[in-house]
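Reviewing the structure listed below.
The values are calculated or read from the model by the stated rules, or taken from the named source; none is laboratory data. A quick note: this is a predicted structure, and the numbers were derived from the prediction, not measured. Reconstructed Cβ throughout: ideal geometry from the backbone, glycine too, with neighbour counts over all protein chains shown.
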Amino acid sequence: MNKPKVVILGGGFGGLTAARALTKTADVTVVDRHNFQTFLPLLYQVSTAGLAADHVAYPIRGALRKTGAKFRMASPISIDHKNKQVKLDSSELLDFDHLIIALGSTTADFGIPGVTEYALGMKSVHEALTIRAEVMRRFEDLCRFEDNTRLTISVVGGGPTGVEMAGALAELVRGPLKSDQANAAAHIDVQLLEAGDRLLPPFSPSLSARTKKDLEKIGVKVMLNSAVKAIEHRKIILRDGTVLDSEITVWAAGVQGSPAMQQLNLPVVGNRLSVAPTLQIKNYPNIWALGDIAGALGKDGRPLPMVAPVAIQQGKFIAKQIDRISNSKPLKSFSYLDKGSMATIGRNKAVVEVKGLKLTGTIAWLTWLWLHLFYLLGGRNKIGTMADWTWNYLTFDRGNRHIMDGQ
């Protein structure tokens, strides 16, 4: 029996998981516009000088080595449903029996004016390096002043990404930047804006309160019920009319499915691809979607969270679904197994919630470190990350404070 041809668009967590699971039973080709996978959960540490950029990137070809899967560095342009082909911007046409859309997500601005022009996103290594360069450049500017000029760095969004980013920025200021130039560091303010009435909405209220308390301990000004109306040059305007100074604004308020889905002319619900419980795109039984771009629903009828565990579970599930089709077996409906949520706040500070079990402090922080190291691809990246973390912890320093954005 000939192996089915499977083309996977996207080399992130879900795409690579599906590729590895399918290589024994299918002819697999992975397509991505980059030749590396970015470990998004640690991207904020690149932004705040805690990690070197190459520690959160891993070559896709290296991840697929010895699997037999092929790789194309390109972006999809269109799908020819009649001939079962996907056209790439490299002018190549790839035949498929099954097509898996795993293109991930981009920053969502929710239609708020000024986000694209004046805020910095956190979805790529390039964006992370841009944030780091902006923070360090403004710090160098402060070092020239002897007056009371202040630098305000704002993080918009009180979910895990925003909390981790704000905490890391505060520790950067309190540690390395204070050691570099104490007077300049004393004039830097970090504020975290959340539209709702508490941080980390998916967590229990007690952990949300603990997170707020821990952030405030390390110098973050937490502003709840502070919905953003617009962002302007060096300013944030709230819905109640309040105008906040913000020299640097980091947007961590949410993400949406990759805009490439519009180009592929597939059914969309909200800002994600419309999928059946089987993870097949509606009306297209040989096209599947997973991860951030897939509008799969949980048991509560709400869209599943845009996090790596969802994509990984869906990647394994779709591989089994394709095997079921090859063996003329009935398809199943996807059910997400929520293994819990976690967020790190700073040194020895984190919150973890797993099926009613709540952890805080050092134990939660060590759990967070171990799990992220476990999922990080590549032995070199694991060793490099451990080395950076150990150095940062023992010396209260961060050695990646370079301005490397090309300006």
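Among the residues of the stretch 1-22, which ones are hydrophobic (A, V, I, L, M, F, W, C) and more than 11 Å from I322 (Cα to Cα)?
M1, V7, I8, L9, F13, L16, A19
Whether any residue in the stretch 233-244 is part of a helix (DSSP H, G or I) and modelled with pLDDT of 95 or more is what I want to check.
no
Considering only the stretch 91-105, how many residues are surrounded by fewer than 19 Cβ atoms within 10 Å (Cβ to Cβ) and either touching a Gly at 6+ places or on another chain (Cβ under 8 Å) or at pLDDT 95 or above (or both)?
Matching residues across the stretch 91-105 total 4.
So A311 ticks every box in (1) more than 30 Å from N2 (Cβ to Cβ); (2) touching a residue at least 24 places away in the same chain (Cβ under 8 Å) but one. Which box is left unticked?
With respect to (1) more than 30 Å from N2 (Cβ to Cβ); (2) touching a residue at least 24 places away in the same chain (Cβ under 8 Å), A311 is out only on (1).
Just give me the residues in the stretch 390-407 being buried (at least 16 other Cβ atoms within 10 Å of the Cβ) and either over 16 Å from G175 (Cα atoms) or in contact with a helix residue (DSSP H, G or I) (Cβ under 7 Å, 6 or more places away or on another chain) (or both), in sequence order.
Answer for the stretch 390-407, where residues must be buried (at least 16 other Cβ atoms within 10 Å of the Cβ) and either over 16 Å from G175 (Cα atoms) or in contact with a helix residue (DSSP H, G or I) (Cβ under 7 Å, 6 or more places away or on another chain) (or both): R398, R401.
Hey, any hits in the stretch 158-165 for a residue that's out of contact with any helix residue (DSSP H, G or I) (no Cβ under 6 Å at 6 or more places or on another chain), over 21 Å from L51 (Cα atoms) and touching a residue at least 60 places away in the same chain (Cβ under 8 Å)?
Within the stretch 158-165 (the criterion being out of contact with any helix residue (DSSP H, G or I) (no Cβ under 6 Å at 6 or more places or on another chain), over 21 Å from L51 (Cα atoms) and touching a residue at least 60 places away in the same chain (Cβ under 8 Å)), the answer is yes, since at least one residue qualifies.
How many residues does the stretch 326-341 hold that are surrounded by fewer than 16 Cβ atoms within 10 Å (Cβ to Cβ), closer than 17 Å to A276 by Cα and touching a residue at least 12 places away in the same chain (Cβ under 8 Å)?
The qualifying residues number 3.
So which residues in the stretch 372-407 are without any contact (Cβ under 8 Å) to a residue 60 or more places away in the chain and β-branched (V, I, T)?
Listed by number, the residues that qualify are I383, T390, T395.
Might you check whether a residue that is more than 14 Å from G50 (Cβ to Cβ), buried (at least 24 other Cβ atoms within 10 Å of the Cβ) and within 18 Å of the chain's Cα centre (by Cα) occurs anywhere in the stretch 168-191?
No: the stretch 168-191 contains no residue that is more than 14 Å from G50 (Cβ to Cβ), buried (at least 24 other Cβ atoms within 10 Å of the Cβ) and within 18 Å of the chain's Cα centre (by Cα).
Which one of these is farther than 13 Å from G315 by Cα, charged (D, E, K, R) and buried (at least 22 other Cβ atoms within 10 Å of the Cβ): D32, D27?
Step by step, each of D32, D27 is checked, and only D32 is farther than 13 Å from G315 by Cα, charged (D, E, K, R) and buried (at least 22 other Cβ atoms within 10 Å of the Cβ).
When you look at K82, is it assigned by TED's automatic domain parsing to the domain that holds A19 and either at pLDDT 95 or above or within 30 Å of I287 (Cα to Cα) (or both), yes or no?
yes
Could you list all residues from the stretch 50-64 that are modelled with pLDDT of 95 or more and of a type in the set (D, E, K, R)?
If the condition is that a residue be modelled with pLDDT of 95 or more and of a type in the set (D, E, K, R), then R61 is the only one that fits.
Can we say L207 is out of contact with any Leu (no Cβ under 7 Å at 6 or more places or on another chain), crowded, with 20+ Cβ neighbours inside 10 Å and not β-branched (V, I, T)?
no
Which condition number in (1) at pLDDT below 95; (2) buried (at least 17 other Cβ atoms within 10 Å of the Cβ); (3) of a type in the set (V, I, T); (4) over 30 Å from P285 (Cα atoms) is the one that V156 fails?
Result: V156 fails condition (1) only.
Which residue pairs have Cβ atoms closer than 8 Å, lie 6 or more positions apart in sequence or on different chains, and pair a first residue in the stretch 189-214 that is within 14 Å of A343 (Cα to Cα) and in the same structural domain as E171 (by TED's automatic domain parsing) with a second residue that is among the acidic types (D, E) and crowded, with 17+ Cβ neighbours inside 10 Å?
F203/E353; S204/E353; L207/E353
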